[in-house]
Amino acid sequence: MCGIAGGVSINEMSADQRERVGALLSCLVHRGPDGAGHHSAAHAELAMRRLSIIDLDTGWQPIYNEDKSLAVVCNGEIYNYLELRTELEKRGHRYTTQSDVENIVHLYEEYGLDFVQHLRGMFAIALWDERHQKLILVRDRMGEKPLYYLEAPKGLYFASEVKAFLKTGLAPLELDLAATYQYFHFQYVPDPGNILSGVRKLPAAHMLVVHVKPWRLETHAYWNFEAAEPIEGDPAAILEAELERVSELVVRSDVPVGLALSGGVDSAVVAAFAARKYPGVLQTFSVGYAGGAASDEREDAQAVADYLKVPFMNVEIADQEMVDFFPQLVYWRDDPIADISGQGYYAVMKAASQQGVRVMLQGQGGDELFWGYDWVRRALSENRQRHIRRPGLWSYLSNLEPVWPTGLDRAGLGPFLRSAGGLRTSWEKQRRLTGTPAGQLILYELSRDFQLARQSLRSYLHSRFAPASLEAALAMPFAHHGADVPVDVQITRAIAHSYLLENGVAQGDRLGMASGVELRLPLLDHKLIETVVGLRKAERDDVLEPKEWLKQAAAGHIPRRFLDKPKRGFEPPVRRWHQMLFERYGNWLIDGQLVQQGILSPAGAKQLAQGPFPKFAVTPISFKALVLETWMRQMATAQEPV
């Protein structure tokens, strides 16, 4: 695990270009506090900051092949490195380290650009091929490790975090309008977009090859989420075997390993498998909130830890601590992400670091892969109904879903009144079924926050911001790939490569790195995902209870009482925190950066500065605006926050 940076030049690299690479690297010290390394070639400069996880003594990068014609820097971990080494040594390759990264140069010698097909893990790789004068940049299949690049007049620069381009002056602090429009609807910018104009994100499962002579760039996808072959058999047994294997791999480490334990199904499953595979003592950490919250699961997490007989640490976040740290939190997330629960990610990783734990496991991915979100299941149902074409009124009547009051109090009457007895919600569904273009999935249209942004965002925007020309940006991440791919697989891919990747995975990586901790996500192992997709192509699981396949696979490792609890979510006291944040920072929006860049109108900014929070919102537009304004202020400063 580390931070990587570098550059490649059309002509021989100048001293100024090499200094730029050094400056990029200096912005990534938090990702690799243990030391630095460089490789200099006539047309290229590679650099890295190291967080020592595997091969503490000799695993320093860059790492070379036998004749040093290949040099590589890598951010991440190659989980199957021992198996690869055994195979490559049989083929005559000589190793000089015990590092997982050394496999990359030898695989490249054997397989060329197909080397990536042999890697199982999370990684952002930069490999310089001196003989052929080309740079290869690669990002892992699920995008767990970040990689950004910028095309300059005389070459190309890359780095692990977008802030490095701002801090070094390589990119101005200017927002991309299409990405900004996406952000206000989704609370993040979907892959492969990027909020910063001029800086591009290498998409997950993609490779970028930069040829120097003659100069040209080639980008291609090397893996397809949806391409797995159908798998027949017992899903529980097949998934259990795959979970056993990936758990064996992800606990490989020369430093202590811990686990973020929420008390929910996903982290309980990961803990149950990992605790048995890890040769040391797996330390677990959970987070809660002062004053209590309905979703505080620390007691549940403690019960899981007690059953597994592993140490447990309880972390509590005080309200004032959250408010005081908010600007720094926004900074460390690197990309603007309007998720108020981000403080929880940071608190857990910081606690782990303070306990000497440098590797943390987490259960992210279970909700997205196994139908954990009700609104995603509803989206799947609607996408399945779209092929049924009926005349307008008959179509509406056939899709009518009456809502009846469950009582005479507010809780019982509320849903009935809001939906007009089901008439309004059924009409909205009818509009989605008939109005969504054939090439687009129905998905985020079912999100209340997305709906609110569609209804009211324009009233806050500056007149120069022309939303009508940006509507295609909202559909771009959710393309329908046709009848050849089952729609349930397409929905899984869409939510995994949007919300999971850019909200959950991105926060986990950046906020772990802010404390010098590597985050590993076993449920995002690509072999496990291919297994889920293959099983789903042979047998539907959306008709079962949420996460039923996952629960069945884990049933022999942890009692069902830990797996059958109602989902509560991992959320802080949202409205209380929202109010406190706006009392402290709301005025930043008035004549702030978003107004000056022509994103918000002055009048719209004043309204949002009051922190409006519609009754049924989760992440209101006001909070998205405050996060983006804070991000711009933090990125404009010359120094990292203390």
**Message:** Quick check: from the Cα gyration tensor, does region 441-542 come out rounded (a/c under 1.5), prolate or oblate?
**Reply:** oblate
**Asked** By how many nm would the segment from Asp591 to Thr219 grow when fully extended, if each residue of separation counts as 0.36 nm and the alpha-carbon distance is taken off?
**Response** 129.9 nm
**Prompt:** Going by how many other Cβ atoms sit within 10 Å of their own, how do Ile231, Ile136 line up, fewest first?
**Reply:** Ile231, Ile136
**Asked** Taking K and R as +1 and D and E as -1, what net charge do the other residues with C-beta under 11 Å from the C-beta of Ser267 add up to?
**Response** -3
**Message:** Going 7 Å from the Cα of Glu428 along its beta-carbon direction, which residues of region 457-476 have the amide nitrogen within less than 15 Å of the resulting point?
**Reply:** 457
**Message:** If packing is taken as the average count of other Cβ atoms within 10 Å, what order do 512-520, 207-215, 117-125, 26-34 fall into, highest mean first?
**Reply:** 512-520, 117-125, 26-34, 207-215
**Fill in**
Placing each pseudo-label 7 Å from Cα in the direction of the beta carbon, Met476 and Arg384 end up separated by a distance in nanometres of 3.2 nm
**Message:** Less than 12 Å Cβ to Cβ from Val323, Lys/Arg counted +1 and Asp/Glu -1: what total charge do the surrounding residues give?
**Reply:** -2
**Message:** Going by amide H atoms built from the backbone, whose H comes under 5 Å of the H on Leu600, apart from near neighbours?
**Reply:** His462, Val595
**Prompt:** What FRET efficiency, computed as 1/(1 + (r/R0)^6) with R0 = 45 Å and r the Cβ-Cβ distance, is obtained for Asn194 and Gln98, rounded to the nearest 0.05?
**Reply:** 0.80
**Message:** Going by average Cβ density within 10 Å per residue, which order do the peptides 499-505, 68-74 take, highest to lowest?
**Reply:** 499-505, 68-74
**Message:** Starting from the 7 Å offset along Cα-to-Cβ, what nm value, one decimal, do you get for the label separation of Gln117 and Ala237?
**Reply:** 3.0 nm
**Message:** On the principal axes of its Cα set, how long, how wide and how thick is region 48-118? Give whole Å, largest value first.
**Reply:** 29, 24, 21
**Message:** Here are labelled values, (i) 27.5; (ii) 28.8; (iii) 32.1, and one is the computed mean projected area of the Cα convex hull in nm² for what I pasted. Which one?
**Reply:** (ii)
**Prompt:** How about region 77-113: which chymotrypsin sites (Phe, Trp or Tyr not before Pro) there are in a DSSP loop, with at most 10 other Cβ atoms within 10 Å of their Cβ?
**Reply:** none
**Request:** Could you work out how far apart the two model spin labels at Gln355 and Arg454 are, taking each label as a point 7 Å from the Cα in the direction of the beta carbon, and quote it in nm?
**Result:** 4.4 nm
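Report the relative contact order of the chain, percent, no decimals, based on alpha-carbon pairs under 8 angstrom and at least 6 residues apart.
After rounding, I find 17 percent.
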**Request:** Please work out how much length the chain gains when fully extended from Thr637 to Val543, using 0.36 nm per residue of separation minus the C-alpha to C-alpha distance, in nm with one decimal.
**Result:** 28.7 nm
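Read-outs: derived from the displayed coordinates by stated rules, not from any lab. Just so we're clear, the structure is a prediction, and the values are computed from it rather than from any experiment. Glycine gets a Cβ as well: all are built from the backbone with ideal geometry, and neighbour counts include every protein chain shown.
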